[in-house]
1. When the helix-only estimate is applied to the chain (DSSP H runs of n ≥ 4, each -39,500 (n - 2.57), divided by the residue count), what is the mean residue ellipticity at 222 nm, nearest 500 deg cm²/dmol?
2. In nm, to one decimal, how far is the Val44 label point from the Lys8 one, both placed 7 Å along Cα→Cβ?
3. Can you tell me, using C-alpha contacts under 8 Å and at least 6 residues apart, the relative contact order of segment 22-155 as a whole percent?
4. Between helix 115-153 and the chain, what is the angle of the helix's C-alpha long axis to the longest principal axis, kept within 0 to 90° and rounded to the nearest 10?
5. For a quick check: sort Leu119, Leu136 by the number of other beta carbons within 10 angstrom, fewest at the front.
6. Could you give the length gained by full extension between Ile151 and Asp106, i.e. 0.36 nm per residue of separation minus their alpha carbon distance, to one decimal place?
7. Compute the relative contact order of segment 108-224 as a whole-number percentage, counting only Cα pairs closer than 8 Å that sit 6 or more residues apart in sequence.
8. Please state, rounded to one decimal and in Å, the Kirkwood hydrodynamic radius that segment 10-103 gives when every pair of distinct Cα atoms enters the mean of 1/r.
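Values quoted throughout were computed directly from the atomic coordinates according to the rules given, and no laboratory measurement underlies them. Note that this is a predicted model, so its numbers are computed, not measured. Please note: Cβ atoms are built from the backbone with ideal geometry, for glycine as well, and neighbour counts cover all protein chains shown.
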Amino acid sequence: MLRQVFKKPENPSIYLRQIMVEVQNIGVDSVGIVAFISVFMGAVLAIQMAFNIDTPLIPVYTIGYVTRQSVVLEFSPTIISLILAGKVGSRVASELGTMRVTEQIDAIEIIGINPATYLIFPKIIAAVIFNPILILMSMFVAVLGGWLAGILTGLVPSSEYIYGIKAFFDAYDIVYALIKTVVFAFLIVTISAFHGFYTSGGALEVGASSTKAVVQSSIAIIVFNLVLTQLLLS
């Protein structure tokens with residue numbers, strides 16, 4: 001399938017417009033759910049860390065530091081990608097599966113357009129470009145959520161939390177997270193597109209393809225998370 005997807009497009013301008021459509025469908029439409037989950041994720045991390053620090057030997061700013069590190073290194077790139085595997089993966093698989101069983105993909109092929117390139121390539125580009133933006137937003141919102149939880153509950157002073165956020169910062173952590181995000185975005189779209197593109201049957205098979213896409217995308221994210229962590233942080 002990927003050999004078909006990355007063939008030279010017939011009309012680049014058409015694909016550019018399609019990429020903009022997919023950026024809206026895959027990326028912009030996911031902003032709300034990503035922001036909502038991220039703010040509570042950061043709040044829970046900060047509160048749990050505050051309750052687990054029961055010794056004066058550990059400085060209070062550790063709450064901000066650990067929240068930042070947890071969000072940047074693991075929670076935002078991995079947990080949010082798993083959420084997107086459910087939202088985006090099911091959408092891609094069900095869309096392509098419906099087009100396959102209603103013979104729309106066959107019609108595209110008959111008029112001389114490569115359906116794999118036209119339907120899947122823009123989705124891959126949109127996800128690879130926009131998912132890192134979503135993850136960066138998730139990092140900011142999660143850290144902000146931790147700060148709000150800390151000051152509203154009185155568990156950590158604002159100055160200490162902010163100091164912890166800035167302490168021992170390494171820009172490579174952001175690079176590491178974004179590399180993982182790009183790989184995860186590629187996996188989500190390609191696995192989901194594969195199951196949708198090769199669906200056969202009717203409505204029941206479309207639902208089965210959507211379920212397989214979400215499950216296998218999630219498994220791939222977990223496996224590649226381990227592989228990339230070993231490669232990038234060892």
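1. -26000 deg cm²/dmol
2. 5.1 nm
3. That works out to 60 percent.
4. Roughly 20 degrees, rounded to the nearest 10.
5. Lowest to highest Cβ neighbour count: Leu136, Leu119.
6. 10.4 nm
7. Across segment 108-224, relative contact order equals 28 percent.
8. 16.4 Å
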